[in-house]
Amino acid sequence: MGRTNDQGGFVMSVRVRFAPSPTGLLHIGGARSALFNYLFATGQGGCLILRSEDTDLARSRLEYEESIADALFWLGITWQEGLRVGGESAPYRQSERLDIYRRYLEKLAGLGYVYECFCSEEELEAQRQDLSERGESPRYSGRCASLSEQEKALKRDQGIKPALRFRVRPGAPLLFADAVRGTIGFDRNGIGDFIIMKSDGVPTYNFAVVIDDLEMKVTHVVRGEEHLSNTPCQLLIWEALGFTPPQYAHISLILNSEGKKMSKRDGDTSVAYYRDQGYLPEAVLNFLVLLGWSPTGDQEILTLAELKEQFSLARVSKAPAVFDRDKLDYMNSCYIRSRKGEELAELLLPFVQRAGLFADRTSWAGLESREREWLAVFAEAVKERIKTLGEAGQYIDLFRGAEIRSFEEEAREVLRGANARVVLEAFRRMVEAAPALNQMGELNQMGELDSAAAAAKTMMKQLGKDLGLKGKDVFMPLRAGVTGQMHGPDLDKILALLGKEDILARLEKTLSL
Ligand code: GLU
């Protein structure tokens with residue numbers, strides 16, 4: 001695929017790939033690599049390929065592959081070729097590409113780059129030990145590099161299945177220009193012959209990845225710094241096959257708040273964890289992009305469209321990125337606040353269901369319209385106070401039911417105050433008589449809860465006037481008497497959402513304390 005540039009020359013369109021190993025959930029580091037690839041490619045009309053590097057047969061699982069694709073999709077990262085969508089380089093699972101690898105292996109063997117290695121794990125360990133005792137870097141000694149046909153036949157007769165090694169020929173340093181780290185050089189003489197096909201016929205990562213990148217016409221490899229040490233082996237294979245390698249860009253590690261590398265093994269590094277806690281995908285995406293990349297202006301809250309427009313590898317930093325959970329929380333609360341009533345309510349539904357509310361409904365559409373309105377007003381009432389959608393669950397008891405779950409000591413104190421009883425009793429009479437509040441709990445029309453909240457506000461003001469008390473001397477005992485707490489979401493919204501019966505039941509109990 002290609003297009004012509006302004007001068008009429010041929011330009012390869014950008015083709016990148018995200019190539020996770022399906023041995024666990026999609027974690028933050030992987031998601032960031034996927035995102036950088038996605039932004040880099042789609043920002044310039046290129047193609048992102050999603051493929052599965054499942055050559056570690058023992059640890060790879062289809063359900064991980066599915067969950068990785070789901071997590072990418074949830075984040076809003078889409079791909080043009082690969083798993084689920086297909087494409088001209090199918091199949092996109094390494095375990096289904098063994099014939100392709102064998103074809104290239106034969107090519108390399110024909111060029112004299114491949115030899116059989118019969119060394120056992122114990123022998124290899126002993127060789128490594130020996131080298132390190134002599135102060136040399138541990139690499140394969142080359143022991144099987146020149147076995148005679150007779151020696152090989154003998155090994156085979158003993159039932160030993162050989163692995164296949166790539167023969168590293170002496171030569172000039174391997175140099176490549178990394179788009180993030182600049183020119184990097186490796187001494188090829190220090191690499192040691194490495195295995196490209198294991199004794200069970202499965203290729204190693206370093207071999208399969210080159211063949212896939214070659215066959216899929218990948219132009220840029222954007223991946224984590226942990227793969228930098230694999231790059232020389234991959235360059236050697238590119239060179240042996242006689243092709244130009246892609247442009248590499250190795251992005252920095254992500255460190256946790258203690259300055260240690262974030263590990264896949266920590267549960268809270270998976271994207272699924274953040275989804276389940278109630279982080280919005282756009283917040284996670286926005287947070288991820290800032291792990292190593294910086295925008296051109298001061299604005300850090302950026303939409304996907306803005307990111308596509310602004311992203312470039314030139315602004316990716318070499319320095320390690322630090323995972324700052326407070327910043328993620330801050331970004332998430334910004335994105336939550338930017339959502340309005342019903343829209344936020346729909347997002348909240350699974351989280352309030354988890355906390356027991358509307359638990360038997362299958363979806364948003366399955367709620368009655370008055371329940372949807374209830375949730376929308378609830379969402380507006382709590383959105384300033386929550387950092388995650390999950391946190392909304394803890395507010396439900398405040399807005400629902402005849403029971404006050406618990407009384408704070410401070411609230412008890414206020415209720416012992418001089419006018420508290422008078423305020424609560426007067427309010428009770430008002431609620432019993434008020435026509436607007438009579439409608440609460442039996443909503444038929446949209447917007448009734450808003451008018452109920454407005455009515456509650458008017459009533460509280462009237463109460464102050466009637467009793468000749470300052471606002472605070474009315475609101476404080478009311479809040480304490482209806483919620484058992486001294487701080488929280490707007491009281492008028494709490495009253496509207498509770499409805500007449502529950503307000504009266506709560507006042508009854510508080511007055512009998
Ligand atoms: N399968 C590798 C991983 O999950 C990716 C390797 C690459 O991008 O070259 O880390």
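The values are calculated or read from the model by the stated rules, or taken from the named source; none is laboratory data. None of the values given here were measured: they were computed from a predicted structure. Here the Cβ positions follow ideal geometry from the backbone for every residue, glycine too, while neighbour counts run over all protein chains shown.
Is it true that some residue in segment 136-155 is over 19 Å from Y115 (Cα atoms) and within 15 Å of the ligand (Cβ to nearest atom)? Looking for residues that are over 19 Å from Y115 (Cα atoms) and within 15 Å of the ligand (Cβ to nearest atom), one finds none in segment 136-155, hence no. In summary, I195 fulfils each of the numbered conditions (1) away from the ligand (no atom under 16 Å from the Cβ); (2) without any contact (Cβ under 8 Å) to a residue 40 or more places away in the chain; (3) outside any loop (DSSP other than H, G, I, E, B) with the single exception of condition (2).
In segment 94-101, the count of residues that are within 12 Å of the ligand (Cβ to nearest atom) and either modelled with pLDDT of 95 or more or on the phi < 0 side of the Ramachandran plot (or both) is one or more.
Each residue in segment 93-134 was checked for being buried (at least 16 other Cβ atoms within 10 Å of the Cβ), assigned to a loop (DSSP other than H, G, I, E, B) and not charged (D, E, K, R), and 3 pass. For segment 203-211, the criterion of being more than 14 Å from the ligand (Cβ to nearest atom), modelled with pLDDT of 95 or more and either in a helix (DSSP H, G or I) or among the aromatic types (F, W, Y) (or both) is met by none of the residues.
Residues checked against (1) part of a loop (DSSP other than H, G, I, E, B); (2) more than 14 Å from the ligand (Cβ to nearest atom); (3) under 18 Å from F207 (Cβ atoms):
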{"position": "L25", "(1), (2), (3)": "yes, no, no"}
{"position": "E66", "(1), (2), (3)": "no, yes, no"}
{"position": "W74", "(1), (2), (3)": "no, yes, no"}
{"position": "E88", "(1), (2), (3)": "yes, yes, no"}
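Only residues that are touching a residue at least 24 places away in the same chain (Cβ under 8 Å), in a helix (DSSP H, G or I) and in contact with a helix residue (DSSP H, G or I) (Cβ under 7 Å, 6 or more places away or on another chain) were counted across segment 361-418, and they come to 22. Only one entry in L235, L288 is modelled with pLDDT of 95 or more, among the hydrophobic types (A, V, I, L, M, F, W, C), assigned to a helix (DSSP H, G or I) and surrounded by fewer than 21 Cβ atoms within 10 Å (Cβ to Cβ), namely L235.
Summed over segment 303-334, residues that are more than 27 Å from S263 (Cα to Cα) and not aliphatic (A, V, I, L, M) total 6. Hey, can you tell me all the residues within segment 44-64 that are more than 17 Å from Q247 (Cα to Cα) and either out of contact with any strand residue (DSSP E or B) (no Cβ under 7 Å at 6 or more places or on another chain) or in a helix (DSSP H, G or I) (or both)? Hits for segment 44-64 are G45, E53, D56, L57, A58, R59, S60, R61, L62, E63, Y64.
Which residue, of R15, R61, R51, is within 11 Å of the ligand (Cβ to nearest atom) and at pLDDT 95 or above? When all the criteria are applied, what remains is R51. Do you know which of the residues in segment 213-232 that are more than 13 Å from the ligand (Cβ to nearest atom) and outside any helix (DSSP H, G or I) is nearest to the chain's Cα centre (by Cα)? Filtering first and then ranking leaves T219. When you check S21 against the structure, is it hydroxyl-bearing (S, T, Y) and either away from the ligand (no atom under 16 Å from the Cβ) or closer than 23 Å to T244 by Cβ (or both), yes or no? Criteria not met by S21. Among (1) farther than 27 Å from D187 by Cβ; (2) within 16 Å of the ligand (Cβ to nearest atom), there is one condition V284 misses while meeting the rest; what is its number? Result: V284 fails condition (2) only.
Among the residues of segment 464-475, those that are part of a helix (DSSP H, G or I) and either surrounded by fewer than 22 Cβ atoms within 10 Å (Cβ to Cβ) or of a type in the set (G, A, S) (or both) comprise G464, K465, D466, L467, G471, K472, D473, F475.
Just a yes or no: is a residue in segment 321-333 surrounded by fewer than 14 Cβ atoms within 10 Å (Cβ to Cβ) and more than 17 Å from the chain's Cα centre (by Cα)? For segment 321-333, residues surrounded by fewer than 14 Cβ atoms within 10 Å (Cβ to Cβ) and more than 17 Å from the chain's Cα centre (by Cα): absent.
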